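Input: a single structure, listed below in structure tokens.
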Amino acid sequence: MTESFTPKNIIVTGGCGFIGSNFVHYVVNNHPDVHVTVLDALTYAGNLENIKPLLGDQVEFVHGNICDAQLLDELVPGHDAIVHYAAESHNDNSIADPEPFLKTNVEGTFRLIEAARKYDVRFHHVSTDEVYGDLALDDPAKFTEETPYHPSSPYSSTKASSDLLVRAWFRTYGLRMTISNCSNNYGPYQHVEKFIPRQITNIIEGIRPKLYGDGLNVRDWIHTEDHSSAVWTILTQGRLGETYLIGANGERNNLTVLKDILRVMGQPEDAFDWVKDRPGHDRRYAIDATKLRTELGWKPTHTDFESGLRATVQWYVDNPQWWEPVKAATEAKYKAQGQ
Ligand code: NAD
Ligand code: TDX
């Protein structure tokens, strides 16, 4: 049996990042009666421009850190839900310097669930399929809600830790919570450190795209708008204490995605460089979203990857002012790592 929850006044942590800001747009476009307080520290990955046009009566911005318990004591009372996106999110950064991942992903989640418990606020935890580790390329299996946790990277192990904290707070304190674990997102406003925007903006700038290892690693791509609709569905209809996997049957290897990008951008298919592999690089992710689809009736709408990719390429072509200021520093960091 599904449950029904009608939020009126929510906090969205990390609402100036890629996926969190998409969720804020989703709420504004679909639920004009819901007030949103965005809590974001504006790290290198956060950009207020992502939500600036929305700021006003419905959407309010608070500049602050999720690790700040005093701020949470001031902010959380009066809200009826926290939707928690804020995280350090990039695997390569976690390999170079894990500490901020421990701080934000583990301690930050701890502070938030303590505040949610104290003020009896519902909590939705946004997590990743990477907590399950990886699958072999020839394995017919996909991840389900029953797959044991087996994270590989500093990033994914801190996300797994945060999931376990949220689960324990449900069991021990009765925290009203749900968790979602989603596959790889793509779409506009994604930081140029990530695979798809990195390659698109490289091509725009005349830099050759960079492919790690043998390029055969598989990711299960979902458009970020479908992630947002799934999180809303789980927040409002999901059963308390439950985990739901989010995915849209988008398995593709990196080489195929890169060739798609090159073709869409009118480049020869071999106009890229092979670079050294990521240490501990997960081989394949694949999501079985049957529970979300059958129990809550959710369906993705962006099912044509090629057209979603074309629109994403066009967004980066049309919005250089959004990504140019951070591009050179991002590439310099990769260059220093040999990638
Ligand atoms: P992102 O890096 O683009 O954005 C993260 C946001 O969180 C930024 O706005 C940043 O300023 C903010 N933030 C970071 N540390 C903070 C802190 N201590 N206090 C307050 N705000 C802080 O990340 P994203 O790709 O949008 O991912 C959002 C969430 O979705 C993360 O929890 C991530 O684990 C999860 N997720 C991402 C993907 C993906 O493909 N990108 C897939 C599944 C799940
Ligand atoms: O330049 C590159 N070349 C390359 O081959 C980069 C940046 C990446 N890659 C590969 C590594 C991965 O196999 O592309 C794939 C995707 O890489 P990322 O965009 O870094 O994503 P991934 O490591 O799969 O993690 C993403 O999905 C799950 C998000 O960053 C996480 O936040 C989310 O939890």
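The numbers here are math on the coordinates, done by the rules we state, and not lab data. In this text the structure is predicted, and so the values were computed from the model without any measurement. Counting neighbours? That spans all protein chains shown, and the Cβs are built from the backbone with ideal geometry, glycine included.
Backbone amide hydrogens, once placed in the peptide plane, bring Val275 within less than 5 Å of Leu211, Tyr212, Gly213, excluding anything fewer than 5 places away on its chain.
How far, in nm, would the chain grow between Asp273 and Arg167 when pulled straight, counting 0.36 nm per residue and subtracting the alpha carbon separation? Each step should come with its number before you reach the end.
Working: separation 106, 0.36 × 106 = 38.16 nm, distance 4.26 nm.
Additional length available on full extension: 33.9 nm.
As a test, work out the antiparallel percent of DSSP beta bridges whose residues both lie in the chain, rounded to the nearest 5.
Just about 10 percent of them are antiparallel.
Per-residue 3J(HN,Hα) values for segment 101-112, derived from phi via the Karplus relation 6.51 cos²θ - 1.76 cosθ + 1.60 with θ = phi - 60°, read 6, 4, 5, 6, 6, 8, 5, x, 5, 4, 4, 5 Hz in sequence order (x marks Gly and Pro). Against the chain, whose longest principal axis comes from its Cα atoms, helix 18-30 is set at around 60 degrees. Along the axis of the charge dipole computed for the chain (Cβ charges of +1 for Lys and Arg, -1 for Asp and Glu, origin at the Cα centre), the listed residues Ala96, Trp169, Ile200 are led at the positive end by Trp169. Summary value for segment 82-140: 48 percent relative contact order, contacts being C-alpha pairs under 8 angstrom separated by 6+ residues.
Which value results when the Cα radius of gyration for the chain is divided by 2.2 N^0.38 Å? Could the numbers behind the result be given before it?
Numbers: Rg = 19.1 Å, N = 339, 2.2 N^0.38 = 20.1 Å.
The chain yields a ratio of 0.95.
If I fit a long axis through the Cα atoms of helix 224-237 and take the longest principal axis of the Cα atoms of the chain, what angle between them do I get, 0 to 90°, rounded to 10? Tilt relative to the chain: about 20 degrees.
Over its Cα atoms, what ratio of radius of gyration to 2.2 N^0.38 Å does segment 1-121 give? After normalising by residue count via 2.2 N^0.38 Å, the value is 1.06.
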